[in-house]
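Below you'll find the structure, written out as structure tokens, and then a few comments.
The values are calculated or read from the model by the stated rules, or taken from the named source; none is laboratory data. These numbers come from a predicted model, not from an experiment. Cβ placement follows ideal geometry from the backbone for every residue including glycine, while neighbour counts extend to all protein chains displayed. To get the accessible areas, we keep the full protein, side chains included, count just its heavy atoms, and leave off ligands, DNA and RNA. Shrake-Rupley method; radii C 1.70, N 1.55, O 1.52, S 1.80 Å.
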Amino acid sequence: GCGTGKIPIQVALQTNCKASKGIEIMHDRVQEGRKALECLRRNYHSVFWKNDRVVIAQGDLQCPPSEADLSDATVLFINNVCFDPALMQVVMGILDEHPKIRRVVTLRKLCERHRERRCAAKGYACCHFIHPPPETCVSVSWAHDTTAFLYIRKQFVSM
């Protein structure tokens, strides 16, 4: 999930995105993030003037709350460090259902054992993205650093 909303807030600060939405299942993290966001709105009105530009919603990625609807999403960040294989299959289904999503950033590979033919035969959504994904080392609050993977949807790559 988005935790306390640091990533949606950072995206809103550093890009010209229309909206930056985060979904977190843990109520206390959502409350902490919303409190911080309200403080930012009060103190940095020129940046956070539009109330729905940054959303920190409580809910589950499997059934996103209406305020964090994914239908218009083009970039998706998923902190999938703790996701088991069954939940990763749900994520693949979500990617299949939302063809507008051009890029996906994850902290674990979408498909740990990706093989184009095998995955295509099974209809896995990982086949919609270029493999292997570019990866980079990023700093995180819960460890020294971790690897992030950038998946780019094939239909949006110019050859």
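Enumerate the residues in the range 125-159 having an amide nitrogen under 19 Å from the point lying 7 Å beyond the Cα of Val90 toward its Cβ. Residues passing the 19 Å test: 125-126.
Per the 1.4 Å probe, what fraction of the accessible area of the range 27-159, in percent, lies on carbon and sulfur atoms?
Accessible surface attributable to carbon and sulfur in the range 27-159 totals 53 percent.
About its Cα centre, the dipole of the range 1-71 is roughly 340 debye, where the only charges are +1 on Lys and Arg Cβ and -1 on Asp and Glu Cβ.
At a Cβ-Cβ separation cutoff of 4.7 angstrom, cysteine residues of the chain with no neighbouring cysteine are Cys2, Cys17, Cys39, Cys63, Cys82, Cys119, Cys127, Cys137. The modelled label-to-label distance between Glu112 and Phe156, using points 7 Å beyond Cα along the C-beta direction, is 2.7 nm. Comparing Gln58, Gln14, Gln89 in a Gaussian network model of the chain, where Cα atoms under 10 Å apart are tied by springs, the biggest mean-square fluctuation is seen for Gln14. A 1.4 Å probe run over the protein chains yields, for the chain, 62 Å² of accessible area per residue, whole-number rounding. Residue separation of Gln10 and Thr147 scaled by 0.36 nm, minus their Cα-Cα distance, works out to 47.5 nm of gained length. Loop sites by DSSP among the chymotrypsin sites (Phe, Trp or Tyr not before Pro) of the chain, restricted to those with at most 15 other Cβ atoms within 10 angstrom, leave 50-141 as the longest stretch without any of them. Taking the chain as a Gaussian network of alpha-carbon nodes connected by springs under 10 Å, the highest mean-square fluctuation of the residues Lys18, Lys35, Lys122 belongs to Lys122.
With +1 on each Lys and Arg Cβ and -1 on each Asp and Glu Cβ, how big is the dipole of the range 53-159 about its Cα centre, in debye rounded to the nearest 20?
On the way: 13 positive and 11 negative charges, 111 e Å.
My answer is approximately 540 debye.
The lysine pair tally for the chain, using Cα distances under 13 Å and a gap of 8 or more places or different chains, is 4.
If you sort Ser71, Ser141 by accessible surface, 1.4 Å probe, largest first, the order is Ser141, Ser71. For the range 88-154, the list of GluC sites (Glu not before Pro) that fall in a loop by DSSP and count at most 11 other C-beta atoms within 10 angstrom reads Glu112. Contact order, relative form, for the range 47-159: 22 percent (alpha carbon pairs under 8 Å, 6 or more residues apart, mean separation divided by residue count).
With both partners inside the chain, how many of the DSSP beta bridges are antiparallel, as a percent to the nearest 5? Let's see the in-between values first.
Numbers: 10 of 19 bridges.
Percent antiparallel among DSSP bridges in the chain is about 55.
In the range 58-145, a dipole from Cβ-located charges (positive for Lys and Arg, negative for Asp and Glu) runs towards its positive end, and of His144, Asn80, Pro134 it is Pro134 whose Cα lies farthest in that direction.
Taking θ as phi - 60° and the Karplus parameters 6.51, -1.76 and 1.60, the scalar couplings of the range 16-33 work out to 9, 4, 5, 8, 10, 10, x, 10, 9, 7, 7, 4, 5, 5, 4, 4, 5, x Hz in sequence order, x denoting glycine and proline.
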